[in-house]
Amino acid sequence: MPGWHDGGVGLVGIDDVLAARKLLDGIVRMTPLENSRVLAARLGGPAYLKCENLQRTGSFKIRGAYVRIARMTPDERDRGVVAASAGNHAQGVALAARLLGTSATVFMPTTAPLPKVEATRAYGAQVHLIGSTVDEALVSAGAYAAETGSVLVHPFDHPDIIAGQGTVGLEVLEQCPDVQTVLVCTGGGGLVSGIGVAVKAARPDVRVVAVQAERAAAYPGSLAAGHPLPLDRMATMADGIAVGCPGDVTFSHVQAVVDEVVTVSEEALSRALLLCLERAKMVVEPAGVAAVAALLEEPRRFEPPVVAVLSGGNVDPVLLLRVIQHGMISAGRYLSFRVRIADRPGELARLLGLLAELGANVLDVEHSRTGSKLHLGEVEVALSVETRGESHCDELLTALRAAGHTLSFS
């Protein structure tokens with residue numbers, strides 16, 4: 001990459017990543033690299049999932065957090081550490097602090113998923129809920145550090161954090177020596193920066209691609225401007241990568257070691273999460289499937305063998321239910337429509353019988369006799385059905401229309 005060299009001024013080097021790996025020996029696990037036949041079929045070549053959702057604390061964040069705290073002086077650790085996070089970094093800091101014998105205070109957005117909040121507390125951290133975004137929580141964490149003398153453990157914008165996350169890249173190279181493309185879920189950029197440093201040092205020909213949620217994508221505009229540029233607003237289910245502005249340190253690394261930044265839609269995130277559940281048997285949070293979503297949206301864009309990093313699996317069960325439903329709708333597995341039928345005995349049973357013959361599973365029925373647009377002797381039925389996919393949806397709609405039903409969709 002232009003301007004990058006091992007250990008350059010202000011940039012993390014491969015020696016830093018190798019040193020981080022020694023620090024992490026016995027602390028983190030080498031997560032598995034799983035072959036994905038379903039992605040390989042779309043891609044036209046080998047595709048693999050790097051399963052950091054199976055890491056301690058449920059994400060890669062323990063790597064950077066432990067390295068950062070381990071490299072503090074005894075005096076700094078005695079003062080305690082403070083962090084800001086939507087959940088994964090919080091858990092990484094809490095566990096690392098406990099392992100290294102220091103106290104941890106964590107500021108989390110009020111919107112942080114409850115399981116992440118409770119897990120952070122269970123690791124021994126004191127948790128404060130404040131603001132609606134990670135950026136707001138980070139301001140509060142900085143103020144707390146200034147008041148108390150606690151050391152701020154930034155979620156991404158520090159060389160030790162980048163070096164720790166870079167150990168994922170070392171594992172990718174060992175587990176898939178012929179890799180050509182690495183796709184990395186990206187928020188603030190600590191993970192993709194570290195992986196970029198590690199991969200480019202040994203294999204400069206490998207393409208490192210950062211993947212952001214399109215509704216929380218701070219890097220495309222920042223890279224175009226030539227400096228970190230904050231977003232006006234964010235709205236994404238992928239809370240783990242909802243970062244409103246790149247850091248100075250990560251921005252420099254992304255400029256130097258990342259080949260491309262792509263964005264993915266909320267629908268693609270939903271489909272990717274559903275695919276990981278159904279086909280890979282992996283529980284992954286929305287932020288953690290961004291790399292898979294990129295493969296689903298444009299599979300021929302990336303040269304195989306491809307490794308997609310599953311960055312975390314800490315998902316709120318309530319959100320998981322909603323995302324599964326959304327993903328099934330996006331995949332054509334759910335179909336909702338309204339149909340008018342005659343208001344006489346047996347008509348509803350006849351309609352439901354037709355759906356049963358066509359293999360549709362009825363999930364919900366709403367039968368209404370009132371409405372300004374209904375004719376006398378007519379009722380409207382709102383139906384939600386489970387289907388086998390988009391082609392099955394088309395088959396159902398065609399059969400219903402052929403039976404004389406007029407359909408409407410809200």
* **Among the residues listed as Ala94, Ala86, the single one being assigned to a loop (DSSP other than H, G, I, E, B) and within 15 Å of Lys61 (Cβ to Cβ)** => Ala86
* Kindly indicate whether any position in the range 51-58 is modelled with pLDDT of 95 or more, more than 23 Å from Ala137 (Cβ to Cβ) and outside any helix (DSSP H, G or I). => yes
* Asked: closer than 30 Å to Thr57 by Cβ, acidic (Asp, Glu) and touching a residue at least 12 places away in the same chain (Cβ under 8 Å) - does that describe any residue in the range 289-298?
  -> yes
* **Qualifying residues in the range 67-87 (those that are open to solvent by less than 10 Å² (accessible area, probe 1.4 Å) and at pLDDT below 95) - the one nearest to the chain's Cα centre (by Cα)** => Gly87
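Is it the case that some residue within the range 208-227 is basic (Lys, Arg) and surrounded by fewer than 17 Cβ atoms within 10 Å (Cβ to Cβ)?
Checked the range 208-227: no residue is basic (Lys, Arg) and surrounded by fewer than 17 Cβ atoms within 10 Å (Cβ to Cβ).
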* Asked: If you go through the range 39-49 one residue at a time, how many are open to solvent by less than 10 Å² (accessible area, probe 1.4 Å) and out of contact with any helix residue (DSSP H, G or I) (no Cβ under 6 Å at 6 or more places or on another chain)?
  -> 1
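Each row is one residue, and each column tells you yes or no for (1) under 24 Å from Gln55 (Cβ atoms); (2) of a type outside the set (Gly, Ala, Ser); (3) open to solvent by 30 Å² or more (accessible area, probe 1.4 Å).
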| residue | (1), (2), (3) |
| --- | --- |
| Pro286 | yes, yes, no |
| Leu295 | yes, yes, no |
| Arg301 | no, yes, yes |
| Ser311 | yes, no, no |
| Ile329 | no, yes, yes |
| Ala349 | no, no, yes |
| Leu352 | no, yes, yes |
| Gly359 | no, no, yes |
* To do: Output the residues belonging to the range 263-284 that are closer than 14 Å to Pro220 by Cα and either open to solvent by 10 Å² or more (accessible area, probe 1.4 Å) or among the acidic types (Asp, Glu) (or both).
  => Thr263
* To do: Provide a single number: the residues in the range 112-159 that are of a type in the set (Gly, Ala, Ser) and under 15 Å from Asp239 (Cβ atoms).
  => 5
* Taking Ala90 and the conditions (1) surrounded by 20 or more Cβ atoms within 10 Å (Cβ to Cβ); (2) at pLDDT below 95; (3) in contact with a strand residue (DSSP E or B) (Cβ under 6 Å, 6 or more places away or on another chain), which numbered condition does it fall short on, given that it satisfies the others? -> (2)
* **helices (runs of 4 or more DSSP H) lying entirely in the range 316-410 (those with 2 or more residues that are touching a Phe, Trp or Tyr at 6+ places or on another chain (Cβ under 9 Å))** => 317-330, 390-402
* Does at least one position in the range 101-108 carry a residue that is surrounded by fewer than 16 Cβ atoms within 10 Å (Cβ to Cβ), in contact (Cβ under 8 Å) with a residue 12 or more places away in the chain and either touching a strand residue (DSSP E or B) at 6+ places or on another chain (Cβ under 7 Å) or in a helix (DSSP H, G or I) (or both)? -> no
* Going by the structure shown, is Val211 assigned to a strand (DSSP E or B), touching a Cys at 6+ places or on another chain (Cβ under 9 Å) and in contact (Cβ under 8 Å) with a residue 60 or more places away in the chain? -> yes
* Quick one: in the range 224-245, of everything that is among the aliphatic types (A, V, I, L, M) and outside any helix (DSSP H, G or I), which residue is farthest from Ala268 (Cα to Cα)? => Leu229
* For residues that are touching a residue at least 40 places away in the same chain (Cβ under 8 Å) and not in a helix (DSSP H, G or I), scanning just the range 16-31, find the one that is surrounded by the fewest Cβ atoms within 10 Å (Cβ to Cβ). => Met30
* Just wondering, is there one or more residues in the range 152-163 that are small (Gly, Ala, Ser) and under 16 Å from Ile14 (Cα atoms)? -> yes
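The values are calculated or read from the model by the stated rules, or taken from the named source; none is laboratory data. Note that this is a predicted model, so its numbers are computed, not measured. Methodologically, a virtual Cβ is constructed for each residue, glycine included, from the backbone with ideal geometry; neighbour enumeration extends over all protein chains shown. All accessible areas refer to the heavy atoms of the entire protein, side chains included, with ligands and DNA or RNA removed. Shrake-Rupley method; radii C 1.70, N 1.55, O 1.52, S 1.80 Å.
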